[in-house]
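Written out below as structure tokens is the structure these notes cover.
Just so it is clear, none of the values below were taken in a lab; they were calculated from the coordinates. None of these values were measured; they are calculated from a predicted model. Note that each Cβ is placed from the backbone with ideal geometry, even for glycine, and that neighbours are counted across all protein chains shown.
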Amino acid sequence: MNSIMEAVSKIRIIDGHEHIVTYETRRNENVDFFGLLHYLDSDMITAGMERGALERHHQRSDEEMAELFLNYWHRTSNTTYAKMLQCVAKDLYGLEKWDVKSLLEMNEQVRRKSADPTWYTTVLKERSGIDMTLTLQLPEVHTTNVDFELFRPVMFLDFTYKIRSLKDIEEIEKESKIDVHTFKDYLNAVDAILKRFVDEGMVATKLGHAYWRTLECGKPTLYEAETGFNRIRTSPIDEQAAPEQLRALQDYLIHFIIQRSIAYGMPIQIHTGHHETSPSGNGNVLTNSQVTGLIPLLHEYKEAKFVLLHSGFPYHQEYLSIAKNFPNVYTDLTWVYIISPTAAKQILHQMIEMVPQSKILGFGGDYIYVEGAYSHQKLMRNILSGVLVEKVGEGALSEEEAVQFAEKVLRHNLIDLYKLNV
Ligand SMILES: [Zn+2]
């Protein structure tokens, strides 16, 4: 093996972004093979499968599930999402053939692993070389309760600024245990929730609003935000405020959450670029997540640490230009390698040429299951070492510089930014 590849293969990774469900959830849900599809499910939907067809509530037999799966597998097996499942099946479960019989065997194996309390440690620490993983539970689960041996929590805060009806305000009351009658009460309640998350071990906040509105954010006055808030607070359940009032309220709260994240020393992860089809009920309005929409916020909050997720793909040229100029922006390659290895390679090449290496966060698997983190890190290590070999070949980096770069972006930068004790 080439010496750069060997060095990269040995780096103990700090994984900057996953959505791995807690082991208890996995065991209770008795997750099987069809529960591991994750991203591939999206490609199958794009290839014509009915959304949710492979979910368990249809009461199909395992055999029927396997047949339905194979029907769409044949249509999608070329994509990197499919290759990732293939890698999991081969490396972690020894599956070579893709027929009903083999799938049923793997199904049983996955179920057994879902009941094995050592499986997470085996896959993450031993098979993937990942020392620590930043993980986000689903947006509707507001808990920092993770296994701190393996994980640190990052919290979705969308629920604090996606308020549209009385129900959403009641959710904040419940989480904060504060009665909310005025907008000031509401801000205090949101701050109390943030403070609680920090005390419980949160290492960063996450704003995922590009999935449900634009990243562009105005600068409404307190009065404008309060007007929208009061409209909702005084409405009967489920009656919504006017869109422009809601927009002012959301924009105000986005500013507030950034301000409070700064106060608590929390880096702010923001979704930019490509959307997953499954959770984006808004019909994949890609243009909502153009990274340039964030520029006014990047200008205003110089003391913030903005981690812009997913390299802004497919707006990665604008993204790189922004990262080159703003000291408060960190680039992040979460999810990018499996969206397109070719794009990831191109982005890495340009990142090395353009962005100070102290601001690059090289890996986040963005998977729900530990198996996905395994296959993704394997692909990432291949792509990263390939790019570094090319850079050394071009004479742009020495071999020593190339290895140091990899160590920084896969480990040291994340330890520094998220203040991790590992
Ligand atoms: Zn994510």
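For the stretch 216-307, build the charge dipole from Cβ charges (+1 Lys, Arg; -1 Asp, Glu) around the Cα centre, then report which of Gly265, Leu294, Thr277 sits farthest towards its positive end.
Gly265
Any idea how far apart Gln259 and Gln346 come out in nm if each label point goes 7 Å out from Cα toward Cβ?
4.1 nm
Starting from the Kirkwood radius over alpha-carbon pairs of the stretch 31-114, derive D by Stokes-Einstein at 4 °C in a medium of 1.567 mPa s and give it in µm² s⁻¹.
In µm²/s, the coefficient is 102.
Order 175-186, 4-15 from most to least packed using the mean count of other Cβ atoms within 10 Å.
Highest mean packing first, the order is 4-15, 175-186.
Among the lysines, which have Cα under 24 Å from the Cα of Lys302 when same-chain residues fewer than 8 positions away are ignored?
Within the straight-line limit of under 24 Å, Lys302 reaches these lysines: Lys195, Lys206, Lys219, Lys324, Lys359, Lys408, Lys419.
Please give the direction-averaged projected area of the C-alpha convex hull for the stretch 119-417, in square nanometres with one decimal.
15.3 nm²
Under 5 Å between amide hydrogens, which residues at least 5 positions from Glu18 or on another chain qualify, with H placed 1.01 Å from N in the peptide plane?
Placed amide hydrogens put Leu134, Thr135, Leu136, Asp366 under 5 Å from Glu18.
Putting +1 on Lys and Arg Cβ atoms and -1 on Asp and Glu Cβ atoms, find which of Pro220, Thr80, Gln137 reaches farthest to the positive end of the dipole of the chain.
Pro220
For the chain, give the magnitude of the charge dipole about the Cα centre (Cβ charges: +1 Lys/Arg, -1 Asp/Glu; no others), in debye to the nearest 20.
Computed about the Cα centre, the dipole is about 500 debye.
Specify which residue in the list Val307, Phe229, Met351 is farthest towards the positive end of the charge dipole of the chain, using unit charges on the beta carbon of Lys, Arg (+1) and Asp, Glu (-1), about the Cα centre.
Farthest towards the positive end: Met351.
Give me the number: length gained by fully extending Thr25 to Ala396, i.e. 0.36 nm times residue separation minus the C-alpha to C-alpha distance, one decimal in nm. Don't skip to the end; give the middle numbers.
On the way: separation 371, 0.36 × 371 = 133.56 nm, distance 4.68 nm.
The Thr25-Ala396 span can extend by a further 128.9 nm.
Take Lys219 and Glu200, extend 7 Å from each Cα along the Cα→Cβ direction, and tell me the distance between the two endpoints in nm.
Modelled inter-label distance: 3.5 nm.
Take peptides 108-116, 209-217 and line them up by average Cβ neighbours within 10 Å, highest first, as a rough protection proxy. Walk me through the numbers on the way to the answer.
Numbers: 108-116: 16.0, 209-217: 19.1.
So the order, starting with the most tightly packed, is 209-217, 108-116.
Based on the Kirkwood radius over alpha-carbon pairs, what value in µm²/s does the Stokes-Einstein equation return for the translational diffusion coefficient of the stretch 226-309 at 20 °C and 1.002 mPa s?
So the translational diffusion coefficient is about 143 µm²/s.
How large is the dipole of the stretch 64-142 about the Cα centre if only Lys and Arg carry +1 and Asp and Glu carry -1, each at its Cβ, rounded to the nearest 20 debye?
160 debye
Picking from Thr135, Thr121, Thr25, which is most flexible by a Gaussian network model of the chain using Cα springs under 10 Å?
Of Thr135, Thr121, Thr25, the most mobile in the Gaussian network model is Thr25.
Can you work out the Karplus-derived ³J(HN,Hα) for every residue in the stretch 327-343? Use 6.51 cos²θ - 1.76 cosθ + 1.60 with θ = phi - 60°, whole Hz, and x for glycine or proline.
With the stated coefficients, the stretch 327-343 comes to x, 8, 10, 9, 8, 9, 9, 3, 6, 5, 4, 8, 5, 7, x, 5, 5 Hz.
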